[in-house]
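Note sheet for the following structure.
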Amino acid sequence: MRSLEGKVVVITGAGSGIGRALALQLAAQGSQLALCDVSADNLQKTVEIAGAHGVKVYSATVDVSDRKAVQTFADNVERVLGKAHVIINNAGVALAQTVDHMKRSDFEWVMNINFYGVVNGTEAFLPHLKAQKDGHIVNISSIFGIIGVPSQSAYNSSKFAVKGFTEALRQELKVSHPYIHVTCVHPGGIKTNIVRNGRIEEDMNGKQVSLGKMAADFDKMAGTTAEEAARQIVRAVEKNTKRLLIGPDAKVLDLMQRVLPNHYDSVMSVGTKLLERLGKR
């Protein structure tokens, strides 16, 4: 998609983080925006800032895990802005709990938002993209959709699922609707509020931690801003990139997994212990 000017772009999870950064960058490029988020207050702030660029913005408070709500959102987007050209399934949540301590309700909460939210958004807007004869689907996975990490089994499961779903979808559309492109995004540590808004009880070693400490530690390690992540995602849409790794950490971990598929977990364990020792100094 050479230009996003005038195109109708849908962004889920647009109330903060990468979603908000995407909305602002696309508004500056002249895209028409359809934004949703579960937080009405955060979403309104995004709408106000994006709307200052003079573009059309439609917004709605939506829980992406609710299939009917997402479909209603899609129907309203078509009514207000017309059919969408791009859908960016960005909404997501975090959970840190070991398998033996994790509540099934927490596991389902993560899967319903991180995975089924992507499925719901894709299903609801795919007919729009087919009608436009020029479309793009962006699904946000994670570097944790490529490597497994202790205390992240639910998050890993959701993001691995997004990766598999997206890659299969890309191949299907390449045969049936080659003008619809699909990008799977794997961010590393991005400076957002995902940890602060998550359900965090344990670190990577299964030790109990406070949400505030976990968020503070994450901020120290996160090396990429939401604005830079958004810039790379927009560029990926313009270039029809299939797979996007964001951040040097994501690129290093992806390489490590490919070079040492049977041993990367041992390398990560050593790195985790080293970071713990440095943190105690």
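The values are calculated or read from the model by the stated rules, or taken from the named source; none is laboratory data. Source: prediction; values computed, not measured. Note that we place each Cβ from the backbone using ideal geometry, even for glycine, and neighbour counts take in every protein chain shown. Surface areas here come from the heavy atoms of the whole protein model, side chains and all, with no ligands, DNA or RNA. Shrake-Rupley method; radii C 1.70, N 1.55, O 1.52, S 1.80 Å.
Listed values, structure above:
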{"item": "Failed criterion for Tyr58 (all others in (1) touching a His at 6+ places or on another chain (Cβ under 6 Å); (2) under 22 Å from Asn120 (Cβ atoms) hold)", "result": "(1)"}
{"item": "Near pairs, Cβ below 8 angstrom, 6+ apart or cross-chain, from region 225-242 (under 15 Å from Ser31 (Cα atoms) and hydrophobic (A, V, I, L, M, F, W, C)) to any residue that is open to solvent by 10 Å² or more (accessible area, probe 1.4 Å) and in a loop (DSSP other than H, G, I, E, B)", "result": "Val234/Gln29; Val237/Met1"}
{"item": "Filter result (under 24 Å from Lys83 (Cβ atoms) and open to solvent by less than 50 Å² (accessible area, probe 1.4 Å)) within region 27-49", "result": "Ala27, Gly30, Ser31, Gln32, Leu33, Ala34, Leu35, Cys36, Asp37, Leu43, Thr46, Val47"}
{"item": "Matching option when the condition is farther than 29 Å from Val182 by Cα and either modelled with pLDDT under 95 or open to solvent by less than 50 Å² (accessible area, probe 1.4 Å) (or both), among Leu244, Leu274, Leu253", "result": "Leu274"}
{"item": "Which numbered condition Phe125 fails, given (1) touching a strand residue (DSSP E or B) at 6+ places or on another chain (Cβ under 7 Å); (2) of a type in the set (Phe, Trp, Tyr); (3) open to solvent by 60 Å² or more (accessible area, probe 1.4 Å)", "result": "(3)"}
{"item": "Scope region 77-98; condition basic (Lys, Arg) and in contact with a helix residue (DSSP H, G or I) (Cβ under 9 Å, 6 or more places away or on another chain); matching residues", "result": "Lys83"}
{"item": "Index of the failed condition, Met111 passing every other in (1) out of contact with any Leu (no Cβ under 8 Å at 6 or more places or on another chain); (2) open to solvent by less than 30 Å² (accessible area, probe 1.4 Å); (3) not in a loop (DSSP other than H, G, I, E, B)", "result": "(2)"}
{"item": "From the options Val77, Val119, Val99, Val64, residue that is open to solvent by less than 70 Å² (accessible area, probe 1.4 Å), outside any helix (DSSP H, G or I) and among the β-branched types (Val, Ile, Thr)", "result": "Val64"}
{"item": "Filtered residues of region 256-271 (kept if modelled with pLDDT under 90 and open to solvent by 90 Å² or more (accessible area, probe 1.4 Å))", "result": "His263, Val270"}
{"item": "From Ser151, Ser158, Ser176, residue being more than 15 Å from Thr241 (Cβ to Cβ), over 18 Å from the mean Cα position of the chain (by Cα), polar (S, T, N, Q) and crowded, with 21+ Cβ neighbours inside 10 Å", "result": "Ser151"}
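Residues are listed down the side, and each one gets a yes or a no for (1) within 21 Å of Ile190 (Cβ to Cβ); (2) in contact (Cβ under 8 Å) with a residue 40 or more places away in the chain; (3) not in a loop (DSSP other than H, G, I, E, B):
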residue: Ser3; (1), (2), (3): no, yes, no
residue: Ala21; (1), (2), (3): yes, yes, yes
residue: Asp41; (1), (2), (3): no, no, yes
residue: Val47; (1), (2), (3): no, no, yes
residue: Val55; (1), (2), (3): no, no, no
